[in-house]
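The values are calculated or read from the model by the stated rules, or taken from the named source; none is laboratory data. Remember, predicted model here, so these are calculated numbers, not experimental data. Neighbour counts run over all protein chains shown; Cβ positions are idealised from the backbone, glycine included.
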Amino acid sequence: MIKIVQSTSKLIVITGLPATGKTWLATEISKSCNIPLFTKDELKIDLLEKLGTNDRSWDIKVGIAAVSLQMKLAHQVLSKQIPVILESNYKQEFDAPLLLELIARSSSDCLQFVCGAEGTVLIQRYKNRAHSDRNRSVLNEVNFNNIEEWRPKLIKGFDDPLELPGNTIRVDTTDFSKVDLEYIKASVRDFLST
């Protein structure tokens, strides 16, 4: 008799406050483990380049649309039993329900990374991003003029993890050279193999 075991998809969620190194970490994991990666900012940049920038309320709407696209793309990949990484500064009240729905619909296991750093470091990184090519001018027009909006959150250094099933690993990126990437990659490989 052949026993059929239903395989489980693997979802990796990388979240944290702005300027905590989420995209850096997601890219490192994606490259080393050969896992597709969907970052909210890349989708948002593409949308803003096509639709144009306006003001903060428009920026928020485009960000919501980018997260919705992330979920749709991730579901398509997970439905083929291919692991996927999603990266954004997700909010518990808005984004956790979407992630929980994705996990349920795709029968996925979840591993969450929460990036953070010392608050003063985050504030300086956030200010520096306004002059960075990484975020392209389309994001700089809207996002980095709102440092005062983010200052109370950034000074905390770490956001709380999302209420998602599975393990959570906290990653302190205050000094990128001290981040134990080998441990993180090994944790991902273990997660993928179970």
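Scanning the range 142-187 for residues that are basic (Lys, Arg), in a helix (DSSP H, G or I) and at pLDDT 95 or above yields 178, 185. Cβ-Cβ distances below 9 Å connect the following pairs, each with a first residue in the range 53-68 that is closer than 13 Å to residue 146 by Cβ, a second residue that is part of a helix (DSSP H, G or I) and basic (Lys, Arg), and a separation of six or more residues or different chains: 59/44; 63/40; 63/44. The number of residues in the range 75-107 being within 21 Å of residue 32 (Cα to Cα) and surrounded by 15 or more Cβ atoms within 10 Å (Cβ to Cβ) comes to 8. The condition of being of a type outside the set (A, V, I, L, M) and buried (at least 20 other Cβ atoms within 10 Å of the Cβ) does not hold for residue 72. Residues in the range 11-30: is at least one touching a helix residue (DSSP H, G or I) at 6+ places or on another chain (Cβ under 6 Å), over 23 Å from residue 116 (Cα atoms) and either free of Cβ contacts under 8 Å to residues at least 60 places away in the same chain or outside any helix (DSSP H, G or I) (or both)? Within the range 11-30, none of the residues are touching a helix residue (DSSP H, G or I) at 6+ places or on another chain (Cβ under 6 Å), over 23 Å from residue 116 (Cα atoms) and either free of Cβ contacts under 8 Å to residues at least 60 places away in the same chain or outside any helix (DSSP H, G or I) (or both). Residues in the range 1-49 that are basic (Lys, Arg), more than 23 Å from residue 97 (Cβ to Cβ) and at pLDDT 95 or above: 31 only.
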